[in-house]
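The values are calculated or read from the model by the stated rules, or taken from the named source; none is laboratory data. No experiment lies behind these values; they were computed from the predicted model shown. Ideal geometry is used to build each Cβ from the backbone, glycine not excepted, and the neighbour counts take in all protein chains shown. Keep in mind that these areas ignore ligands, DNA and RNA; they rest on the heavy atoms of the full protein, side chains included. Shrake-Rupley method; radii C 1.70, N 1.55, O 1.52, S 1.80 Å.
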Amino acid sequence: MRNIWTIAKKEYASFFHSPIAYVVGFVVFLVMGIYFTYSINYGITNNYVPEYTYILDILIFPLIFLAIPVLTMKTLSEENKSGTLELLLTAPVRDYELVVGKWLGTFLFFLSLILLTWFFPLVLNFMVDPGIDQSRILANYIGITLMASAMTAIGVYISSLFKNTIAALVASLGALLLLWLIAAPSQFMTGAAAEIFTNLSITQHYYNSFRSGMIDLLDISYFVSLTVLGLFLGTRSIESKRWR
């Protein structure tokens, strides 16, 4: 655990020395702030309480969807490209500790961004009477956190496959887009095939439960399983480099 935490702290701190991380943070809050202000003005003009889940939809897609491949593309591909990965493999650090540490540091950075966006529902809660549905907002944020965890694990795994960061970025975007749209063919299918495509989709496990204020153990299991699978594949990818 000590090695994982050491790597995670180093990875987390590295984001504060990267202009890309500041750009991602700035864009997240700029876009959410503009949409939040527009929603408030629209609600005041039309005597309507803005629906905060619509504002969170902006946080999920395209912001997190695009930001995660951008911030995970360097996690292991940069180490691979610079040759420091070979040095890490000779250090007393196990492969899974390296992968989990990289994932944890990146996930904690996203978690920091997600927690800071609580500013918007808190402001909205003070503006409306009797306030917004806090339990529904909490369910939304739990779903977004689990989704970010799974996406980050996939991004770290894909980063381990490449030396070129742009290739890692494009591959991560492709993989997340596939998981995002994989349920689309199910509308033309019936039976088990439709169920399989639907259950593989990231969107189906968020929009049908967490976004509606419900916390379903099956959906939690899906995101946790996807996270574990990404970390497992990332570890195997690093292990394979020892024998090359």
Looking at region 174-214, I'd like the Rg to Rh ratio, where Rg is from alpha-carbon atoms and Rh is Kirkwood's inverse mean 1/r.
1.01
Springs between alpha-carbon atoms under 10 Å, Gaussian network over the chain: tell me which of Pro50, Pro130, Pro69 tops the mean-square fluctuations.
Pro130
10 Å binning of all Cα-Cα separations within the chain, expressed as whole percents from 0 upward:
7, 29, 32, 21, 9, 2, 0
Shape descriptor, region 66-172: equivalent ellipsoid semi-axes (Cα gyration tensor, sqrt 5λ, whole Å, largest first) stand at 36, 14, 10
Each label point is 7 Å from the Cα along the Cα-to-Cβ direction; what then is the distance between the points at Met1 and Leu115, in nm?
1.9
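Against the 2.2 N^0.38 Å scaling, with N counting residues, where does region 110-232 land? I'd like the Cα-based Rg ratio to two decimal places. Write out the running numbers ahead of the final one.
Values: Rg = 16.8 Å, N = 123, 2.2 N^0.38 = 13.7 Å.
So region 110-232 has a normalised radius of gyration of 1.23.
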Taking only protein heavy atoms into account and a 1.4 Å probe, give the accessible area per residue of the chain in Å².
52
What is the distance, in nm, between label points placed 7 Å from the Cα along the Cα-to-Cβ direction at Ile220 and at Asp133?
2.0
Quick calc, Val228 & Thr190: beta-carbon distance into FRET formula, R0 45 Å, rounding 0.05, result 0.90
Rounding to the nearest 10 and keeping the result within 0 to 90°, find how far the Cα-based axis of helix 2-15 lies from the longest principal axis of the chain.
60
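Rounded to a whole number, what % of the accessible area of the chain do carbon and sulfur atoms account for, probe 1.4 Å?
Details: 8660 of 12720 Å².
Of the solvent-accessible surface of the chain, carbon and sulfur hold 68 percent.
Compute the whole-percent fraction of alpha carbon pairs in region 1-61 spaced more than 20 Å apart. If you can, show how the numbers build up before the last one.
Numbers: 916 of 1830 pairs.
In whole percent, the long-distance tail amounts to 50.
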Computed ³J(HN,Hα) along region 212-227: with the Karplus parameters 6.51/-1.76/1.60, θ = phi - 60°, integer Hz and x for glycine or proline, the list is 8, x, 9, 10, 10, 4, 5, 6, 4, 4, 4, 5, 5, 4, 5, 5
With a 1.4 Å probe and every protein chain left in place, tell me how much accessible area Ile64 has, in Å² to the nearest 10.
10
Between region 51-87 and region 146-188, what's the alpha-carbon centroid distance in Å?
10
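With a/c under 1.5 counting as rounded, go ahead and sort region 166-244 into rounded, prolate or oblate using the C-alpha gyration tensor (a ≥ b ≥ c being the square roots of the eigenvalues; past the cut-off, prolate if a/b is larger than b/c, else oblate). Walk me through the intermediate numbers first.
Numbers: a/c = 2.17, a/b = 1.70, b/c = 1.28.
Judged from the Cα gyration tensor, region 166-244 comes out prolate (a/c at least 1.5, a/b above b/c).
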